[in-house]
Amino acid sequence: MPVVSFFLIISATLFCIGLMATLTRRHAIFILIGIELMLAAANLNFIVFWRYDSQPHDHPAGILITLFAIAIAAAETAVGLALVIAVYRHYRTTQVNSLDQLKG
Amino acid sequence: MTLLVIIAIVTLASALAAATLGNLMHAALNLVLSFLGVAAFYFFLDAEFVGLVQVLIYVGAVAVLIVFTILLTRRDEEKKNGLPWGGVLVAFVVFGGLIWAIVKTPINSIPTPHLATLPVHRIGQILMTDYVWPLQAVGVLLTAALVGALILVMEEKP
C-alpha cells in the first residue's frame, strides 16, 4: 500500500479539475460534470482516511458517510439535470451566462 | 503500486478530458471513465461495497441521466469565447494550497492497518441500527428530489 499522501494528492488533483470545469465552462451540463468530479474527490478522501484509521472496523463511519454522499449526489444530479431541461425548454439555451433576465 | 499509478493517470487524464473537451458527449464518456477509476481506487482501499455502489449509481444511473440530457438539449453547443483565465487561476491556487497542506502535514508515518474485508451484512446492520435516522432522511430526500425533478420537467399546460 502506498502512503496516505499519494491518495490525498490524487483526490486534490481531481477536486481542482472539477473546480476548474465548474468555474470556466459556460454550458450548464459541464458545470454539473465539474460538481460531480468534486464530489467524487471528496468521497475518495473519506474512504482514504477511513482506510488509514487504526481501527477501521469498529465504526466504519467513512464507508457510511460515503454511501450517504453518493445518494445525495445522485439526488442533486437528478434535480440539476431536470433544471437544465426546464431552462432549455423556456429559453432554448443551456449557456448559463445567457440566463441574465434577473440582472438589473 | 504500478497498477495504482496507471489507474491514477487514467482517472486524472479522463477527468481533465471531461473538464476541457468541447464535445459534450465525449466529455460525458470521459466522465464515466473517470468514475470507473475512482471505483477502482475504492476497491484498492478495501471498500468493495462502496466501489460497487459507485459503479451502479455513477457509471449506471448518473451517466445515463447526463447522456439523456445531452441528447435532449443537443442543438445548443458551447460558444467558444476565450478561456476565462480567472477560473483557471483560482483552480491552480486552490490546487497549490491543497498540495502544500498535504505535503506539510506529517501523516505519512501512519502505518496501514491490516484489514479483513468489511462484510456487507455488517454495513447493513450499522445502517439499520446506529444510522437508521440518517437512512430514513436520505430516503425522504431522494423521494422529494425525484418528485421535484419530475415536476420540473413536466410539460406545462398551455
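Before moving on, here are some points about what is shown:
- Protein accessible surface hidden between A and B, which excludes ligands and nucleic acids, total in Å², probe 1.4 Å: 7200 Å²
- Solvent exposure of the range B:118-158 as accessible area per residue, Å², 1.4 Å probe: 75 Å²
- Computed [θ] at 222 nm, deg cm²/dmol, chain B (DSSP H ≥ 4; -39,500 (n - 2.57); rounded to nearest 500): -22500 deg cm²/dmol
- Alpha carbon Rg of the range A:4-98, scaled by the compact-globule rule 2.2 N^0.38 Å: 1.32
- ³J(HN,Hα), Karplus 6.51/-1.76/1.60, whole Hz, each residue of the range B:151-156, x for Gly, Pro: 5, 4, 8, 5, 5, 7
- Per-residue HN-Hα couplings for the range A:33-42 [Karplus 6.51, -1.76, 1.60; θ = phi - 60°; Hz; x = Gly/Pro]: 4, x, 5, 4, 5, 5, 5, 5, 5, 5
- Normalised contact order of chain A, rounded percent, pairs of Cα under 8 Å and 6 or more residues apart: 27 percent
- Per-selection Rg to Rh, the protein assembly as shown - Cα, Kirkwood hydrodynamic radius: 0.99
- With every protein chain in place and a 1.4 angstrom probe, the accessible-area ranking of B:E48, B:E155, largest first, reads B:E155, B:E48.
- Sorted largest first, the principal axis extents computed over the alpha-carbon atoms of the range B:1-75 equal 44, 23, 11 Å.
- When chain B is treated as a GNM with alpha-carbon contacts under 10 Å, the residue of B:S14, B:S109, B:S34 showing the greatest mean-square fluctuation is B:S109.
- Solvent-accessible area assigned to carbon and sulfur over the protein assembly as shown amounts to 73 percent, based on a 1.4 Å probe.
- Shielding score for A:88-100, defined as the mean number of other chain Cβ atoms within 10 Å: 3
- Coupling constants for the range B:66-74 follow from the phi torsions by the Karplus curve (6.51 cos²θ - 1.76 cosθ + 1.60, θ = phi - 60°), and in residue order they are 5, 5, 5, 5, 4, 5, 6, 10, 4 Hz; glycine and proline get x.
- The dipole here belongs to the range B:44-146: it is taken about the Cα centre, uses +1 on the Cβ of Lys and Arg and -1 on the Cβ of Asp and Glu, and is about 280 debye.
- Estimated from helical segments only, the mean residue ellipticity of chain A at 222 nm is -26000 deg cm²/dmol, where each DSSP H run of four or more residues counts as -39500 (n - 2.57).
- Dimensions (Å) - the range B:118-158, Cα atoms, principal axes, largest first: 54, 18, 8
The values are calculated or read from the model by the stated rules, or taken from the named source; none is laboratory data. Worth saying up front: this structure is predicted, and the values here are computed from it rather than measured. Because the Cβ atoms are built from the backbone with ideal geometry, glycine has one as well, and the counts that use them run over all protein chains shown. Surface areas here come from the heavy atoms of the whole protein model, side chains and all, with no ligands, DNA or RNA. Shrake-Rupley method; radii C 1.70, N 1.55, O 1.52, S 1.80 Å.
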